[in-house]
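Novice: This is the structure I want to talk about, given as structure tokens.
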Amino acid sequence: MSHNSFGHLFRFTTWGESHGPAIGAVVDGCPPGLELNEGLIQPFLDARRPGQSKFTTQRQEPDAVRILSGVFEGRTTGTPISLMIENVDQRSKDYSEVAQAYRPGHADYAYDAKYGLRDYRGGGRSSARETASRVAAGAVARLVLPEVTIRAWVAEIGGDAIDPANFDAAEIARNPFFCPDAKAAARWEKLVDDARLAGSSLGAVVACEATGVPAGWGAPLYGKLDADLAAAMMGINAVKGVEIGDGFAAARLSGETNADPMRPGATGPEFLANHAGGIAGGISTGQPVAVRLAFKPTSSILTPVETIDRAGAATQIRTKGRHDPCVGIRGVPVVEAMMALVLADHKLRHKAQCG
């Protein structure tokens, strides 16, 4: 039984482990004739790459991607596109204690309970290292979506949120937090550094918006665009909550407040609000598609935590190695990739049914 693939017409499968020789993805269903080379994928991997500031893990991985198949003379052929990223900076010795005891908050015990064995080196398949494969696949998905612009940012770290009045899209690329609020980014430097120096971690909220999505993508009931987006985002490591549009805040609104009023526009309906996040009845409305994700604090911390070993005996564990003090920061490129992968799939599904 395989659970390593996602999508229908535009489908991708990831493979590899955190401390194996390589990780990668196979993208199937990509239309032929699209320009593709490693240089078009690499910038997205560079945005997710570890070791770029003291606010992320210091594992030094170049994350250089290689295209092994599916491209001829610089264009996609319509056949499976195989992408490979070598692992070059593994330190498996950092996980010697993890081999005998379970790390609370990690997938250690759950994997052992399911499979009867686990790769304890950095979590193996459950490591966030796997998300590099999704980012590579997402770069291919973006080729299918020239009409769509996808942008994600960190909206909150450790309970400290940005001020929407200070939102500056250009600021996202100017600081190591993918933060659109320069004042919040300055505060977060101390917040995240204090957590790092204390051997602790912080959670984060990441927001993502896709503009240019036309009305009509998605399908009723069991093919809903928002359902697939929720599944894609919940599948990202450390994500514990997903909201579409206003999400949980909508439960505190009245019907008239939560409505997205429409009036005639020059090229179609003009919406006066977007509480629904650009999706109604599982189908895109033409408004920006908006999601928010809650990332839990990184489970790998230096503070000793109560746990049990594989024999069931009580013990304590502190997780050594190189870890992100706030995993949500490097989650931003992953969120963008999953948005692109879902939208590319739904675009092709819409064309297949409606022409």
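Novice: Between ARG196, ARG187, ARG11, where does the largest GNM mean-square fluctuation fall for the chain, given springs only between Cα atoms within less than 10 Å?
Specialist: Ranking ARG196, ARG187, ARG11 by mean-square fluctuation puts ARG187 first.
Novice: Please give the contour-minus-distance gain from HIS3 to THR149: 0.36 nm per residue of separation, less the Cα-Cα distance, rounded to one decimal in nm.
Specialist: Working it through step by step, the gained length comes to 49.7 nm.
Novice: Assuming 0.36 nm per residue, please report the length gained on full extension of the stretch GLU256 to ASP194 beyond their Cα-Cα distance.
Specialist: That pair, GLU256 and ASP194, stretches by 17.9 nm at full extension.
Novice: Here's another thing I want to ask about it. How far, in nm, would the chain grow between ALA165 and LEU68 when pulled straight, counting 0.36 nm per residue and subtracting the alpha carbon separation?
Specialist: 30.3 nm
Novice: Right, here's the next one. Can you compute the charge dipole magnitude of region 1-151 about its Cα centre, using +1 on each Lys and Arg Cβ and -1 on each Asp and Glu Cβ, nothing else charged? Give it in debye, rounded to the nearest 20.
Specialist: 320 debye
Novice: A further question follows. Lys pairs in the chain, Cα-Cα under 13 Å, at least 8 apart or on separate chains: how many?
Specialist: Within the chain, the lysine pair count is 4.
Novice: If you place +1 on the Cβ of every Lys and Arg and -1 on the Cβ of every Asp and Glu, how big does the dipole about the Cα centre of the chain come out, in debye to the nearest 20?
Specialist: Computed charge dipole of the chain: roughly 640 debye.
Novice: Okay, moving on. Can you give me the angle between helix 225-234 and the longest principal axis of the chain, using Cα atoms only, in degrees from 0 to 90, rounded to the nearest 10?
Specialist: Tilt relative to the chain: about 10 degrees.
Novice: Now for a different question. Using the charge dipole of the chain (Lys, Arg: +1 at Cβ; Asp, Glu: -1 at Cβ; taken about the Cα centre), state which of LEU40, ALA340, SER82 has its Cα farthest towards the positive end.
Specialist: The residue sitting farthest along the positive end of the dipole is SER82.
Novice: Which of ILE308, LEU197, ALA25 sits farthest toward the positive end of the charge dipole of the chain, with +1 on the Cβ of Lys and Arg and -1 on the Cβ of Asp and Glu?
Specialist: ILE308
Novice: Still on this structure: Could you tell me which of ALA182, ASN274, PRO288 has its Cα farthest along the dipole of region 171-291 towards the positive end, charges placed at Cβ (Lys, Arg +1; Asp, Glu -1), taken about the Cα centre?
Specialist: Of the options given, the answer is ALA182.
Novice: Please give the helix 182-197 orientation as an angle from the longest Cα principal axis of the chain, in degrees from 0 to 90, rounded to the nearest 10.
Specialist: 20 degrees
Novice: Expressed as an acute angle from 0 to 90° and rounded to the nearest 10, what is the orientation of the C-alpha long axis of helix 38-48 relative to the principal long axis of the chain?
Specialist: Roughly 60 degrees between the two axes.
Novice: In Å and whole numbers, how far do the C-alpha atoms of the chain stretch along each principal axis, longest first?
Specialist: 66, 50, 38
Rule-based calculations on the coordinates, nothing more; no lab input. Bear in mind the structure is a predicted one, so any value in this text is a computation, not a measurement. Cβ atoms come from the backbone with ideal geometry, glycine included; neighbour counts cover every protein chain shown.
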